[in-house]
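One structure is given here, and the rest of the page talks about it.
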Amino acid sequence: MTGETFLDSVSSIEFYVGSARQWAFFHEKAMGFTPVAYAGPETGVRDRVSYLMRQGTVNLILTSFLDPSSEIAQHVKTHGDGVHDISIKVPDIEKAIREIEKRGLIKPSKIKETKGNSGKLRGSTVRTYGETVHTLVDYSEYDSDIPPGYELVLERDKPVETGLNKVDHVVGNVEDNRMDPWVDFYVKGMGFNQFMTFDDKDISTTYSALRSKVVEYNNRSIVFPINEPALGLKKSQIQEYIDYYKSPGVQHIAISTENIVKTVSELKERGIEFLETPPSYYENLTERVGKIDEDVEALKKHSILVDRDDKGYMLQIFTKPIGDRPTFFYEVIQRKGGTSFGKGNFKALFEAIEKEQAKRGNL
Ligand code: FE2
């Protein structure tokens, strides 16, 4: 990248959902997030309720509406429960806007100031694929990590965490032939670098295929892979997503852990469902990825996938969809030097996803 950086990292990810309270309950009890703060009528916010959930450095905001005319209600009606805002922390909002406008492709919104007891928070919105946005948020004149309008949730028994620690990447699904324009949006429009490409030869099974490119900012402080459907014999899983989400949108958030076997077994115990991997995947695992620290039997037991590149290896697993529509899901990832996104696993993964797709009659 040339020049100074003007974006920092993913600050928070906000979902618009049908019931924020239920989503918060799920993220607390099943995923191990702590409800940190709440905004709603009780805190002077009239049109919505939001729960700020935190684990490690991951901040999720779960927001629902109180009135059917609200834009949140419209979002939920169209898309189902899904991600609306991947907010990015910036050190200097004026500079960030200047840098983006200089590139000439994107017009950030005017700066919006929100005042609270801890100072003022300044933000500007950039619209990305579908109805998804990036709020660029500047905390430099704000002395708290709880946004204005929120109040701390009374300390109760802290949930036992599951080891989910950091946002590794956030993946967007876009329509056929729209991947390259959205890569340009990030690279030419916002100063990201493109660092990886997969084509349908890498990512295809007999039936369905996709193409994917990855953009990153400042040594992978922010990583956004972008997928588009490719033609297979049957419907691509990316197309299925778009058909149900009714537009492009966020497909999955990958959250890293320091101990994937422990995290996944804990999540499973609490009822989180993961995609299963065919047992045959593990038969030639060490031939394919070389020596690894983990016990292959434990990985097999939990359907955890492994992939190696020239820098090391990574372990990953995908949940089933979190909401009612087959759209958004989570990935749990542990990196042991590896910088890949599991290219070598795509085939094994897709075969597992397609089994689920067939159950829904969409293959
Ligand atoms: Fe991923």
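The values are calculated or read from the model by the stated rules, or taken from the named source; none is laboratory data. For clarity, every value in this text was computed on a predicted model and none was experimentally measured. In this analysis, Cβ positions are derived from the backbone assuming ideal geometry, glycine residues included, and neighbour counts consider all displayed protein chains. Please note that ligands, DNA and RNA were not included when accessible areas were found on the heavy atoms of the full protein model with its side chains. Shrake-Rupley method; radii C 1.70, N 1.55, O 1.52, S 1.80 Å.
Okay, here's what the table says:
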{"quantity": "Filtered residue count, region 153-174, keeping only those that are within 16 Å of the ligand (Cβ to nearest atom), among the hydrophobic types (A, V, I, L, M, F, W, C) and under 18 Å from residue 31 (Cα atoms)", "calculated": "3"}
{"quantity": "Scan of region 1-56 for residues that are of a type in the set (D, E, K, R) and either over 16 Å from residue 148 (Cβ atoms) or not assigned by TED's automatic domain parsing to the domain that holds residue 138 (or both), ordered by number", "calculated": "4, 8, 21, 28, 29, 54"}
{"quantity": "Region 166-190, residues that are surrounded by fewer than 19 Cβ atoms within 10 Å (Cβ to Cβ) and among the polar types (S, T, N, Q)", "calculated": "177"}
{"quantity": "Residues (touching a helix residue (DSSP H, G or I) at 6+ places or on another chain (Cβ under 8 Å) and open to solvent by 10 Å² or more (accessible area, probe 1.4 Å)) located in region 258-273", "calculated": "261, 265, 268, 270"}
{"quantity": "Any hit, region 222-241, residues being modelled with pLDDT of 95 or more, open to solvent by 20 Å² or more (accessible area, probe 1.4 Å) and not in a strand (DSSP E or B)", "calculated": "no"}
{"quantity": "Residues that are in a loop (DSSP other than H, G, I, E, B), among the acidic types (Asp, Glu) and touching a residue at least 12 places away in the same chain (Cβ under 8 Å), drawn from region 1-50", "calculated": "8, 47"}
{"quantity": "Within region 313-339, considering residues that are open to solvent by 10 Å² or more (accessible area, probe 1.4 Å) and over 16 Å from the mean Cα position of the chain (by Cα), the one nearest to residue 166 (Cα to Cα)", "calculated": "335"}
{"quantity": "Residue count, region 134-174 (criterion: charged (D, E, K, R) and under 18 Å from the mean Cα position of the chain (by Cα))", "calculated": "2"}
{"quantity": "Residue under evaluation residue 130, criteria (1) assigned to a loop (DSSP other than H, G, I, E, B); (2) within 30 Å of residue 324 (Cβ to Cβ); (3) small (Gly, Ala, Ser); (4) free of Cβ contacts under 8 Å to residues at least 40 places away in the same chain, criterion not met", "calculated": "(4)"}
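Yes/no per residue for (1) assigned to a strand (DSSP E or B); (2) within 27 Å of residue 23 (Cα to Cα):
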position: 280; (1), (2): no, no
position: 287; (1), (2): no, no
position: 292; (1), (2): no, no
position: 300; (1), (2): no, no
position: 313; (1), (2): yes, no
position: 316; (1), (2): yes, yes
position: 323; (1), (2): no, yes
position: 334; (1), (2): yes, yes
position: 340; (1), (2): no, no
